[in-house]
1. So, of the residues in the stretch 93-128 that are under 13 Å from Ile10 (Cα atoms) and small (Gly, Ala, Ser), which turns out to be modelled with the lowest pLDDT?
2. Tell me the residue from Val54, Val68 that is closer than 20 Å to Ala103 by Cα, at pLDDT below 95, surrounded by 10 or more Cβ atoms within 10 Å (Cβ to Cβ) and among the β-branched types (Val, Ile, Thr), please.
3. Taking the conditions exactly as written (within 20 Å of Glu5 (Cβ to Cβ) and either modelled with pLDDT of 80 or more or exposed (fewer than 11 other Cβ atoms within 10 Å of the Cβ) (or both)), does Arg89 satisfy them or not?
Amino acid sequence: MLSKEERARIRHHLGYLNVSAAATFQLGVPAALQTQFMIDNAFDKVLPEAEVMVREFLCRLNEVEAQVFGNLDLAEIESTGTIKVDPKRLPKLAQTYKIAQEALANLMGVPPNPFDQRSWIAGAGGMNVPVG
C-alpha cells in the first residue's frame with residue numbers, strides 16, 4: 001500500500017494538486033471543485049505487485065527534480081577551466097523527467113495534468129487535443 005507521503009509525491013510529479021478541494025468560479029460565484037478524483041481513485045487500484053514499479057518511477061522523478069533544483073548555480077556558469085557545463089542540461093533533464101512521468105502515468109492509468117504549471121518541463125512533451 002502506498003503511504004500518504006508517496007501519494008503526495010505522485011500527485012506532485014503528475015502535476016496534480018495536493019489539496020482537498022480547489023476553488024473555481026461557476027456563473028461568477030466561487031464554487032468548490034474536486035480536482036483529485038482521477039488520481040485518488042487510481043491509488044486504490046494499483047496492484048500490489050506493481051507498487052515496486054511505482055516506487056521506482058517515483059525515485060527517478062525525485063532524482064531528476066533534485067538535479068534541477070540542486071544545481072541552480074550551474075545556470076550561472078558556462079565553463080570553469082577545462083570543464084564545460086552543458087547548455088542543454090535543463091532540456092535533457094526535462095526530457096528524462098517527462099519519460100518517467102509518462103511511465104508513472106501509464107502505470108497509474110491517469111494522464112499527467114495537462115494544466116501543470118511547471119514551465120521547466122513544458123517543452124519536454126506535448127498535449128494531444130482534438131481540433132474541430
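1. Across the stretch 93-128, the extreme among qualifying residues is Gly109.
2. Values: Val54 fails: at pLDDT below 95.
Criteria check complete, one pass: Val68.
3. Values: within 20 Å of Glu5 (Cβ to Cβ): no; either modelled with pLDDT of 80 or more or exposed (fewer than 11 other Cβ atoms within 10 Å of the Cβ) (or both): yes.
Answer is no for this residue.
The values are calculated or read from the model by the stated rules, or taken from the named source; none is laboratory data. What you are looking at is a predicted structure, and each value in this text was computed from that prediction instead of being measured. All Cβ positions, even for glycine, are placed from backbone atoms using ideal geometry, and neighbour counts span all protein chains on display.
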